[in-house]
Amino acid sequence: MDEKKTMLHKHQQRFKENMKDKMLLCWECGLGKTIAGCLWLAQGRDTDALVIAPKRVLSKWRDELTKWSTKATVVSKEQFKKLPIKKWSAVVADEIDEFASPLFTKQRSQLSTSLYNLVRAYPNMPILGLSATPIRSSPNNLHSILCFVGIFIPYKIWRTEFFSLER
């Protein structure tokens with residue numbers, strides 16, 4: 001592991017030094033969010049961890065987890081929706097912005113519902129959300145993501161504070 005420490009970029013080292021059990025990590029593409037996720041899991045969170053990632057990066061996650069001697073069950077978003085709710089030692093949601101349909105409206109997706117139900121069932125479970133684009137279309141996206149990482153702002157307050165109807 002000492003050899004791997006020297007491989008970390010400064011921003012990854014800062015992340016490693018300031019990790020918490022519930023985090024949202026927003027770095028641009030190519031800055032090493034997958035490695036940061038492995039570092040986060042390696043801090044004693046990987047006894048029975050879950051990584052949810054897009055299909056196109058599942059093998060990348062498995063390769064990185066192996067390199068960092070970190071254990072986790074790696075599933076696609078589609079597989080995650082079918083999993084029963086269970087307490088994991090930690091959850092990493094790669095591209096968490098894809099889970100961010102509005103939670104408290106009729107437009108909520110099955111993916112958002114699945115992650116929200118897991119977080120509500122186990123509020124103390126460590127979770128790391130990774131994204132290069134945390135807000136894609138409306139403040140609802142960010143509200144959902146914050147709920148996933150344990151920052152609960154009542155929706156009516158959020159709506160009043162962050163929405164304005166203008167012509």
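Compute the separation of the alpha-carbon centres of segment 67-90 and segment 30-65 and state it in Å as a whole number. So the two Cα centres are separated by 10 Å. Pick from 132, 72, 100: which residue has the top mean-square fluctuation in a GNM of the chain where Cα pairs under 10 Å get a spring? Comparing 132, 72, 100 in a Gaussian network model of the chain, the most mobile one is 132. Per residue, the chain exposes 56 Å² of accessible surface when a 1.4 Å probe is rolled over the protein heavy atoms with every protein chain present.
With r defined as the distance between the Cβ atoms of residue 121 and residue 62 and R0 fixed at 41 Å, what FRET efficiency is calculated, to the nearest 0.05? Mind showing how you got there, number by number?
Working: r = 26 Å, r/R0 = 0.65.
That pair, residue 121 with residue 62, gives E of 0.95.
Each label point was placed 7 Å from the Cα along the Cα-to-Cβ direction; for residue 105 and residue 18 their separation is 3.2 nm.
Diffusion coefficient of segment 1-107 by Stokes-Einstein, Kirkwood radius over Cα pairs, 25 °C, 0.890 mPa s: 167 µm²/s. Using a cut-off of 32 Å between Cα atoms, the listed pairs 33/87; 71/156; 10/106; 16/87; 10/86; 60/156 include 71/156; 10/106; 10/86; 60/156 as exceeding that distance. Taking GluC sites (Glu not before Pro) that fall in a DSSP loop and have at most 14 other Cβ atoms within 10 Å as cut points, what is the longest piece of the chain between them? By the stated rule (loop sites, at most 14 other Cβ atoms within 10 Å), 29-165. In this structure, the amide hydrogen of residue 109, modeled 1.01 Å from its nitrogen in the peptide plane, lies closer than 5 angstrom to those of 101, counting only residues at least 5 positions away or on a different chain.
For the chain, the share of accessible area belonging to carbon and sulfur comes to 51 percent (1.4 Å probe, ligands and nucleic acids excluded).
The values are calculated or read from the model by the stated rules, or taken from the named source; none is laboratory data. Treat the numbers as computed from the prediction; the structure is a model and nothing was measured. Glycine gets a Cβ as well: all are built from the backbone with ideal geometry, and neighbour counts include every protein chain shown. Each accessible area value is taken on the protein alone, full model and side chains, heavy atoms only, with ligands, DNA and RNA left out. Shrake-Rupley method; radii C 1.70, N 1.55, O 1.52, S 1.80 Å.
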